[in-house]
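Visitor: Encoded as structure tokens, here's the structure I'll be asking about.
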């Protein structure tokens, strides 16, 4: 018998002038909010044992998972709950949206486009994750947990088909359309009511392009929002909803959501919003359809966890395609990694595939450093990350690998982006040891930390973007297969797994300048709405405002759309709604303007409305002065 608890909380960081994480573009900085980011936590408790063993699964709408975030979350949870939640039984996995603020990372590489570490964004993320777990912890109650599988063919394409084609025929035959359509739903019921759902599917969080500046959960964020808010009627500002849905990743390393190809430069923002909505809706529909076919997941929970120094693994012959023993290498960023992907072009002068200049330089280096050559050939060396790591934590080398079980479902926690064939090999490794059906074993990427990509040794030779971003060389995947095999054997045999050598502490650096004191007549309405609108039209208003980063309003909102109901004004939308957008820009050296837009739904109730803006201005002495302002009334009908 299982008991389950659920919780959700806001983790939205700085909405103004913070470098966004995912595309690696310094010029892509936050300038408002389209959808707030959320953490969704699920506590599974095994009621059949006296110790009431627990497993914590957290799905967060962030670009990347980070070790320093996990460590601080677990430290905070230990203050409240002792050893109930640990590295071993806690999996924190991200959706990989490319439309979130960065600067929360412990390793320098990922903060280079954010002016270093951003304490306010880091705090918002940690506070929100902890809050979601606190809600889940207090919500634990008997539940019926069920599992189902489906296939979704319209929400992904393979963005590196030439690398995929290098795989053996048996692997390619498993994916006849060169995508991974496998989807999985965990349904949580209390009595006759479904109170929670976790959907797993492989597609990138790149429906929003690198030209977007509004915070968004991308396609998986929309799927969760649509189910919770539109279908189930959740009001995120009113407390914990009755139903919580999370949309998690599996192995999307080479899976793009842009089934019609990447949007050309200059495309209207509405097109990428439609891409996001369409791909998110397809995931929601797949999940919703699976509800009725779910069958009991079974009993018991279990977890195994270890750290591995991924640059120093001796890989046994049974895990390598050529049947020979090999060694991984210290992390190297390749020329193909600098090229970027079709979703977000990389640095000038680099391209996917072979880069002749870097290849020539690398061949000379490999002749002198034979162990590096044996691990990394044919990667074109651009940045040996071991060098900056000796000065300051730059890229993580000692990484967590995890295996958890909920009934008959096994989740392999991998701290990176496995391609679909890489995920398949990891799944087969575990399934063969524990005796599970392959469908019931998932490779869950973006879990607990981040090491970039994981390609098969065959894909690696193509040196597409994913191969150039496989930092630890051609034998990285076999090393992870060997590690998860050890976890699976320990779980099967009921014995503990050594924790391994922990990574050292990180020391985040920041070189961001402090924002000046705000100036202006805060709350003044610069542009009022028209007097009347029809459903389907858009209302816009512009306010004199202050820097949104002064108060992130986590768990709150920068805007409200309110409707007159009798003598009172009731909120009908906020900045966490798909129909609204909150856009910020500088106006002079210290003044701000915000533009608020509401796309009036087709089923909007006729009546009198206003748009309300909330902010906080910072004085020269650092004092914050909250303000609110409202537009004139306008009619919808």
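Visitor: Taking the Cβ of each residue in 583, 18 as the centre, tally the other Cβ atoms inside 10 Å and list the residues starting with the fewest.
Guide: With the fewest neighbours first, 583, 18 line up as 583, 18.
Visitor: Kirkwood hydrodynamic radius for the range 525-636: how many Å is it when counted over pairs of different Cα atoms?
Guide: Answer for the range 525-636: a Kirkwood hydrodynamic radius of 14.6 Å.
Visitor: Take the Cα pairs of the range 457-501, get the Kirkwood Rh, then feed it into Stokes-Einstein at 25 °C and 0.890 mPa s and tell me D in µm²/s.
Guide: Estimated via Stokes-Einstein, D reaches 202 µm²/s.
Visitor: Please report the projected area of the range 218-324's Cα convex hull averaged over all directions, in nm².
Guide: Taking the Cα atoms of the range 218-324, their convex hull projects to 13.3 nm² on average.
Visitor: On a 0 to 90° scale, report how tilted helix 119-139 is relative to the longest principal axis of the chain, with both axes built from alpha carbons and the result rounded to the nearest 10.
Guide: Roughly 90 degrees, rounded to the nearest 10.
Visitor: Separate question: Evaluate the distance, in nm, between pseudo-label points positioned 7 Å from the Cα of residue 525 and of residue 235 along their respective Cα→Cβ axes.
Guide: Distance between the two pseudo-spin positions: 2.3 nm.
Visitor: Please pull out the direction-averaged projected area of the range 128-197, using the convex hull of its alpha-carbon atoms, in nm² to one decimal place.
Guide: The number I arrive at for the range 128-197 is 7.7 nm².
Visitor: Taking Cα centroids, how far is the range 549-592 from the range 275-326 in Å?
Guide: So the separation of the two Cα centres works out to 38 Å.
Visitor: Can you pull the percent of Cα pairs in the range 261-386 with separation above 18 Å? Don't skip to the end; give the middle numbers.
Guide: On the way: 5731 of 7875 pairs.
When every Cα pair of the range 261-386 is considered, 73 percent fall beyond 18 Å.
Visitor: What ranking do 602-611, 273-282 get when scored by the average of other Cβ atoms within 10 Å per residue, highest first?
Guide: So the peptides 602-611, 273-282, ranked by packing, come out 273-282, 602-611.
Visitor: Using Cα atoms only, what is the angle between the long axis of helix 269-290 and the major principal axis of the chain, expressed in degrees (0 to 90) to the nearest 10?
Guide: Long axis of 269-290 versus the principal axis of the chain: about 70 degrees.
Visitor: Another question about this same structure. For q values of 0.07, 0.09, 0.10 Å⁻¹, compute log₁₀ I(q)/I(0) with the Debye formula on a Cα-only model of the chain, without solvent.
Guide: For the chain at q = 0.07, 0.09, 0.10 Å⁻¹, log10 I(q)/I(0) is -0.43, -0.71, -0.88.
Visitor: I've got another one for you. Given the rule -39500 (n - 2.57) for each run of at least 4 DSSP H residues, summed and divided by the residues of the chain, what is its mean residue ellipticity at 222 nm, to the nearest 500 deg cm²/dmol?
Guide: -7000 deg cm²/dmol
Visitor: Counting other C-beta atoms within 10 Å, which of 628, 545 has the fewest, and how do the rest follow?
Guide: Listing 628, 545 from fewest to most nearby Cβ atoms yields 628, 545.
Visitor: Taking only C-alpha pairs under 8 Å that are 6+ residues apart, what is the relative contact order of the chain in percent?
Guide: The normalised contact order for the chain reaches 15 percent.
Visitor: Here's a follow-up. Using only Cα atoms, locate the centre of the range 33-102 and the centre of the range 529-543, then give the distance between them in Å, rounded to an integer.
Guide: 40
Visitor: Using the Kirkwood radius over Cα pairs, work out the Stokes-Einstein diffusion coefficient for the range 388-525 at 20 °C and 1.002 mPa s, in µm²/s as a whole number. Intermediate results must be reported in sequence, preceding the final value.
Guide: Numbers: Rh = 17.4 Å.
Answer, rounded: 124 µm²/s.
Visitor: To make sure I understand, if each residue's beta carbon is the centre and we count other beta carbons within 10 Å, what order do 153, 96, 226 fall in, fewest to most?
Guide: Neighbour counts put them in this order, fewest first: 153, 226, 96.
Visitor: Between residue 318 and residue 360, 0.36 nm times their residue separation minus their Cα-Cα distance comes to what?
Guide: Roughly 11.8 nm would be gained on extension.
Every number here is computed from the coordinates shown, using simple stated rules; none is lab data. Everything quoted here is computed from the prediction, not taken from an experiment. Backbone-built Cβ (ideal geometry, glycine too); neighbour counts: all protein chains shown.
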